[in-house]
Amino acid sequence: MPAPARARRALAVAAIAAVASAPRVAAQRAGAPTPTPAPTPTLVVLLTIDQFRGDYPTRFGPQFTGGLARLLRGGAWAVNGMHDHANTETAPGHAATLSGRFPVHTGIAANAEGVGDPDAPLVDAPEGGASPVRFRGTTLVDWMRAADRRTRVLSVARKDRGAILPIGRAKGDVYWYSPTTGAFTTSRWYATSLPRWVRDFNAEGRAARYAGWTWTPLLPDSAYAAPDSVPSESMGRSFTFPYTIPEDTALATASLPGFPPMDRLTLDFALAGVRALELGADPRRTDLLAISLGTTDAIGHRWGPDSRELHDQVLRLDRALGDFLDSLFTLRDSSRVVIALTADHGVTPLPVAGHPSTVTPNPGARFVDLRPAWRAQLAAMARAAIDTLQVDFPDGTLVVGDTTSFVRARTPVDSVVRAVAAAMRAVPGVARADLLADLARADTTTDMIARRWLHMFAPGGPVRLVVTLDRFAYWEGTRTATHGSPWELDAWVPVLFWGAPFRPGRHEAPVRVVDIAPTLAHVLGLVPSERLDGVVLRALLR
């Protein structure tokens, strides 16, 4: 990141820390006097773009001509938006959007512990079951229904967690794409069969129609900063345009999530749902439409955030959103529609130095292997007769389950955890290894890393230790661009509101994704049913 941008980001992080360190408050109690209310919206739309980093609107915005252009130019755009939690993955990010709460309070702290549920098998699809059974608390949907039982809800996505987690445990029309069938499905948490409109949409076989589709850049070569041929992209295989979806139907539907048409298919499905469910059609109620668009994530992982492929994908997303909004506003009065746009996380550059693009340089990029140090610690615990089956170390977090063997060995848990922490700190590429108990005493207004880990896990729980790698460092074995760290590039996302209640323009003040739900609740005149981590963004209101 260039120095001026890094300086602006540092100021934003410092300001966010001041907000984050304040006591949690209910959305309706926060901020300044209430502005004159706009007409109550009949439809609230949440657009979550998977892996849409906060600098993308600025980098690519001059070339936007569609939906992103419309929203950025007519909406209240907070350019310094971010997720203020450490594990910047898809599940925690989506769970924060409409809950107004951090992962420590939603219970969704990782993809691996997101929505997988064998007790909720899918309807007419063979993939593993899914539900919000691990989600804790409420979301905007619950507050809307508490005020008006007639509220209708539709949530659609490419990924199951992208469709499920924004609305929490609420029941409703919730659907996602099955790459095996090329159709949209749901789980038995929500229904035992698909409604007629979903079956009709699936019967059209739209995913299969993309068999043989060829992806070439929309614009001339001169319009792209990145070169087309970069061997460090796509794990060194297939890194030059054009790219073609297989002709075989089964392979085509399985491959579609990695190609730009997946977003358009998701948006078309959402529009079909708007029509079938008559979302936003009744002026006496307010409905909610949540859409998660996943293609940018697939392409960003494979080719990286500085690739020509990512650049072209964002341009195509802009055009697809333009067609979607044109159709939506043909169906519904745009003056009664409110839109919130954000992302579930950002992304760090490819784990190699010297990428031809200098947009997001990554000095010191390296791979970090904690396995040797962890194996040595496991051996020490085994010698002390500590049951290592009750101790796990997934993704840089030390989890201690049953502590009986520690008691039997007369060994305090924290003494073992501190030994592990010391071993991890000695590994090159490790920035810090912290006990949650120690982070609880940190000054979270100045220590961003401590604050974000505390927004993931509560001290006193099974997670005892968290490891943070150096900026731009990757876990050994990673071969594509990814995210998941507490650092700025993984946390930086746009936060944008569009509609009559909001004051258009660029807003430089820092905001957090958890502020979206209380702000929407305020606009709708709702009282959240629990205390929130987010606050009302009054500076963005008219």
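Summary table below
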read-out	value
The range 174-188 residues that are at positive phi, paired with ones that are surrounded by 23 or more Cβ atoms within 10 Å (Cβ to Cβ) and outside any strand (DSSP E or B) (beta carbon under 7 Å, 6 or more apart)	G182/A207; G182/T253
Filter result for P459 (modelled with pLDDT of 95 or more, touching a Pro at 6+ places or on another chain (Cβ under 9 Å) and either within 16 Å of F102 (Cα to Cα) or part of a helix (DSSP H, G or I) (or both))	no
Count of residues meeting criterion [surrounded by fewer than 21 Cβ atoms within 10 Å (Cβ to Cβ), in contact (Cβ under 8 Å) with a residue 40 or more places away in the chain and not aliphatic (A, V, I, L, M)] in the range 57-74	8
Subset of the range 201-243 that is at pLDDT below 95 and acidic (D, E) - its residue that is nearest to T180 (Cα to Cα)	E233
Candidates R408, R432, filtered to the one that is of a type in the set (K, R), touching a residue at least 12 places away in the same chain (Cβ under 8 Å) and under 24 Å from F472 (Cβ atoms)	R432
Whichever residue in the range 449-466 is closer than 12 Å to V399 by Cα and touching a strand residue (DSSP E or B) at 6+ places or on another chain (Cβ under 7 Å) and, among such residues, is surrounded by the fewest Cβ atoms within 10 Å (Cβ to Cβ)	P462
Some residue of the range 138-150 being under 19 Å from the mean Cα position of the chain (by Cα), in the same structural domain as E247 (by TED's automatic domain parsing) and within 30 Å of A211 (Cα to Cα)	no
Some residue of the range 326-339 being assigned to a loop (DSSP other than H, G, I, E, B) and either of a type outside the set (A, V, I, L, M) or at pLDDT 95 or above (or both)	yes
Single unsatisfied condition, I245 versus (1) within 19 Å of E127 (Cβ to Cβ); (2) of a type in the set (A, V, I, L, M); (3) without any contact (Cβ under 8 Å) to a residue 40 or more places away in the chain	(1)
A437 vs. criteria surrounded by fewer than 17 Cβ atoms within 10 Å (Cβ to Cβ), more than 25 Å from the chain's Cα centre (by Cα) and without any contact (Cβ under 8 Å) to a residue 40 or more places away in the chain	yes
Qualifying residue in the range 216-233 (condition: under 27 Å from the mean Cα position of the chain (by Cα), over 25 Å from L271 (Cβ atoms) and not in a loop (DSSP other than H, G, I, E, B))	yes
Matching residues, the range 525-542, being exposed (fewer than 15 other Cβ atoms within 10 Å of the Cβ) and over 20 Å from A146 (Cα atoms)	A539, R542
Meets criteria (closer than 22 Å to Y56 by Cα, part of a loop (DSSP other than H, G, I, E, B), touching a Ser or Thr at 6+ places or on another chain (Cβ under 9 Å) and not assigned by TED's automatic domain parsing to the domain that holds L350) for T445	no
Top-ranked residue of the range 140-197 - restricted to ones that are within 13 Å of D124 (Cβ to Cβ) and among the β-branched types (V, I, T), ranked as surrounded by the fewest Cβ atoms within 10 Å (Cβ to Cβ)	T192
Residue under evaluation A276, criteria (1) in a helix (DSSP H, G or I); (2) surrounded by fewer than 15 Cβ atoms within 10 Å (Cβ to Cβ); (3) more than 26 Å from the chain's Cα centre (by Cα), criterion not met	(2)
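Residues checked against (1) of a type in the set (K, R); (2) at pLDDT 90 or above; (3) under 26 Å from P257 (Cβ atoms):
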| site | (1), (2), (3) |
| --- | --- |
| R29 | yes, no, no |
| P39 | no, no, no |
| L47 | no, yes, yes |
| F52 | no, yes, yes |
| F60 | no, yes, yes |
| A76 | no, yes, no |
| N80 | no, yes, no |
| T90 | no, yes, yes |
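The values are calculated or read from the model by the stated rules, or taken from the named source; none is laboratory data. Everything numeric in this text was worked out from a predicted model, so none of it was measured. All Cβ positions, even for glycine, are placed from backbone atoms using ideal geometry, and neighbour counts span all protein chains on display.
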